[in-house]
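Single-structure report; data block below.
Just so it is clear, none of the values below were taken in a lab; they were calculated from the coordinates. None of the values given here were measured: they were computed from a predicted structure. Cβ placement follows ideal geometry from the backbone for every residue including glycine, while neighbour counts extend to all protein chains displayed.
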Amino acid sequence: MERMRHRVLACDFDGTLATEGVCTDETVEALERVAAAGIRLVLVTGRTWEELVDVFDPGSLFEEIVVENGAAVIDVASGEERLLAPRLPSGLVAELQRTGVVPLVVGRVLCSTAWSHAPKLSAAIAKLGVDRQVVRNRESAMVLPPGISKRTGIEAALRAMGELPSATVAVGDGENDIALFAVAGVSVAVANAVDALKARADVVLSEPNGKGFQSLAAALVAGDLGALTALSPLAG
């Protein structure tokens, strides 16, 4: 019954599946076992597509890949990319480059840099009067249109799949996963997650990163998320 109820697993990448950009073979094998059990996989990351494929080959494991923190969704089978917000204004990129924001990752909708540059990001947005906001993800700062979050991305991906948020298990580690947890039927934080995310999780895993994910995957394949709940500090 448990396995039938949880039809989708939505995974964050950095700090959840991957440690410092590296996803181990054991974690990939855990993903493969989840998929083989009939649970559909969605990757939900703050990275741009180019950043993601530079460190990880998602292959055909995931049906939908949400990139740029919910601003774009890629259908893996067709390769189609759907933007959920207006493209990044070129003038904003030029202004950030002029003020010395380095490194600067530029996507289609999002741009990001170190959190220490957040004041420069806010100043550039105010100077140009563009419709953007600064969002924190651990030590990174992301510039996004208001209303765009991992929630918008996962909702679009689930609609494309014909699945419901209530049938979705979400796993993550950062502040930007709070929006993802807000819609998932079950939310799971890895042990290295920020406290703000742990406070919103249904389950907090006892191990970090890929090790924690592997425990979650085993419970999903066994159809027994209750075993994880019993071990969670939030249980009861």
Inset, instruction - Take every Cα pair under 8 Å in segment 19-120 that's 6+ residues apart, average their separations, divide by the length, and report that relative contact order as a whole percent. - result: 19 percent
Legend entry - Net lengthening on full extension, R87/D224 (0.36 nm per residue, minus Cα-Cα): 45.1 nm
Legend entry - Relative contact order, percent, the chain [alpha-carbon distance under 8 Å, six or more residues apart]: 22 percent
Inset, instruction - Go through segment 23-131 and name the trypsin sites (Lys or Arg not before Pro) that are in a DSSP coil and have 15 or fewer other Cβ atoms within 10 Å of their Cβ. - result: R87
